[in-house]
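Enquirer: Take this structure, written in structure tokens, and hold onto it; I'll ask about it next.
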Amino acid sequence: MSPADTLRLLLLSSLWGLSFIFMRVAVPEFGPVPLILVRMGVGALFLVPLLLSVRYLRLVWENRSRLFLLGLVNHVLPFSLLALATTRLEAGFTSLINATTPIFTALLGALFFATPILRQQYLGLALALFGVYVLSADRLDFALGGDGWFILAVLGATFCYGIAGNYSKTYLAHLPVRVLAAGSTAMSALILLVPGLILWPAEPVSGLAWANALALAVLSTTAAFLLYFGLIASAGATATSTVTFLVPVSALVWGFVLLGERLSLQVLAGMAITLAGTAIATRMIRLRRETREPAP
């Protein structure tokens, strides 16, 4: 990864770390789907003007079905699942489970997108999943009122991200960044319009919730998507997905400072194991020189 890509990765991690804080504050008043409608709708208002040329509009039209699918699996489904999770789970805790994104990116790339996976990556996968277990073992309660389903919602979001990262790199890498960002955001807003309005809260939303929803839309969506799709094109899906190494640190710090969330030994241990396993799986940590053929 180039120095410029590294700087963009750091900025992206900061914006997405804050997104967990914004959701945690805003979602109790908006509800998950209306909040994500605001996120994608406002994001579309900022990004769609970037498409106001015949060339870009033609590219959007020619790739409309793929941009629709990308909007669904990279924005609508995972963002809604994460917003649902933050109604129950702490921002930092949610971001740590979300750190398994590179695992799903690598596995789905190997299974469906002809991306080789090396033997050490299987070890990293097992270690990362063990870290998730350490992090959440005492919270995997699937009874009514338990946290288990919300933890599964976060894992569902990371699974969607794994599909989207590989899909974008394989089928949409030829498109300019603005077409990917604005096109998929606009498609997401269209998908969410009807369900978001149907589920819109009956009670007035406070100014604090609106401020966090708009920050989520402008900072963690508009600006972040331009950075994200640019990184996908220049550094690749798996490299870009390592942004989740830095996002949990940002979310944990901001959650502690702004929301008073607790940093327990269990959370820190789970974070260390999960991120170590993810680093091995994505080959940021190499156990030995890789001279053998990829595992079948």
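Enquirer: What number in nm² do you get for the stretch 1-96 if you take the convex hull of its Cα atoms and divide its surface by four?
Expert: 7.7 nm²
Enquirer: A further question on this structure: In deg cm²/dmol, rounded to 500, what helix-only [θ] at 222 nm does the chain give when every DSSP H run of at least 4 residues adds -39500 (n - 2.57) and the total is split over its residues?
Expert: -23500 deg cm²/dmol
Enquirer: When PHE159, PHE79, PHE68 are ordered from fewest to most other Cβ atoms inside 10 Å of their Cβ, what list results?
Expert: Fewest to most other Cβ atoms nearby, the residues stand as PHE68, PHE159, PHE79.
Enquirer: Here's another thing I want to ask about it. In square nanometres, what is the average projected area of the Cα convex hull of the stretch 166-237?
Expert: Seen from a random direction, the Cα hull of the stretch 166-237 projects 5.7 nm² on average.
Enquirer: If you don't mind, there's one more thing I want to ask. Arrange the peptides 57-67, 95-105 so that the one whose residues have, on average, the most other Cβ atoms within 10 Å appears first.
Expert: Result, highest mean Cβ count within 10 Å first: 95-105, 57-67.
Enquirer: Relative to the compact-globule scaling 2.2 N^0.38 Å, provide the ratio for the alpha-carbon radius of gyration of the stretch 150-273.
Expert: 1.25
Enquirer: Once you have a ≥ b ≥ c as the square roots of the Cα gyration tensor eigenvalues for the stretch 65-185, tell me rounded if a/c is under 1.5, and otherwise prolate or oblate according to whether a/b is larger than b/c.
Expert: Cα axes put the stretch 65-185 in the oblate bin.
Enquirer: Picking from LEU84, LEU226, LEU265, which is most flexible by a Gaussian network model of the chain using Cα springs under 10 Å?
Expert: Looking only at LEU84, LEU226, LEU265, the biggest GNM fluctuation is shown by LEU265.
Enquirer: Sorting TYR56, TYR171 on the 10 Å Cβ count, fewest up front, what's the list?
Expert: By the 10 Å Cβ count, ascending, the order reads TYR171, TYR56.
Enquirer: State, as an integer percentage, the relative contact order of the chain based on alpha-carbon contacts under 8 Å between residues 6 or more apart.
Expert: 41 percent
Enquirer: What order, most packed first, do the peptides 131-137, 273-279 have when packing is the mean number of other Cβ atoms within 10 Å of each residue?
Expert: Put in order of decreasing packing, that is 273-279, 131-137.
Values in this text are rule-based calculations from the coordinates and carry no lab data. These numbers were taken from a predicted model, which means no experiment stands behind them. Reconstructed Cβ throughout: ideal geometry from the backbone, glycine too, with neighbour counts over all protein chains shown.
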